[in-house]
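Notes follow once the structure below has been shown.
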Amino acid sequence: MIKLTNSITIDTIMLLIILGKIMSAKRLLVSLDQETLSEIIELARYNKTSSSKIASQLIATSLELEEDRLFSNIADKRIQSTIKWVNHEDAWK
């Protein structure tokens, strides 16, 4: 048995893989216009990585920004409907 850290061994990793706890990356077929594809390829060259990795990072960033926008909209609605405000000192009592 090979120890990788104090508590993780090859056996532990194999068990997690068998149980499906460690998932391999999933693929998604996406159609891109030529300009977008060219920009992704250029970014990949600049960063010395694959175009797939750049596309994946851009999609993840886009999803995070969309999530932020949605939460901001929820917060804006709550602020507009707030009737009573609690000052900072009272909130921490």
Mind listing the phi-derived Karplus ³J(HN,Hα) values for segment 64-69, rounded to whole Hz, using 6.51, -1.76 and 1.60 with θ = phi - 60°, and x for any glycine or proline?
-> 5, 5, 5, 4, 4, 5
Once phi for every residue in segment 84-91 is put through the Karplus expression 6.51 cos²θ - 1.76 cosθ + 1.60 (θ = phi - 60°), the whole-Hz ³J(HN,Hα) values, with Gly and Pro written as x, are 10, 10, 10, 6, 4, 4, 5, 5
Column: log10 I(q)/I(0), Debye, Cα scatterers of segment 28-82, q = 0.13 Å⁻¹ = -0.48
Calculated FRET efficiency, LYS48 and PHE71, Cβ-Cβ r, R0 25 Å, to nearest 0.05?
-> 0.15
Where a Cα-Cα gap under 28 Å defines reach, which lysines qualify for LYS26, not counting those fewer than 8 residues away within the same chain?
-> LYS48, LYS53
Plugging the Cβ-Cβ distance of LEU58 and ASN87 into 1/(1 + (r/R0)^6) at R0 = 35 Å yields, to the nearest 0.05, a FRET efficiency of 0.25
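No value in this document is a laboratory result; all are computed from the given coordinates. No experiment lies behind these values; they were computed from the predicted model shown. Reconstructed Cβ throughout: ideal geometry from the backbone, glycine too, with neighbour counts over all protein chains shown.
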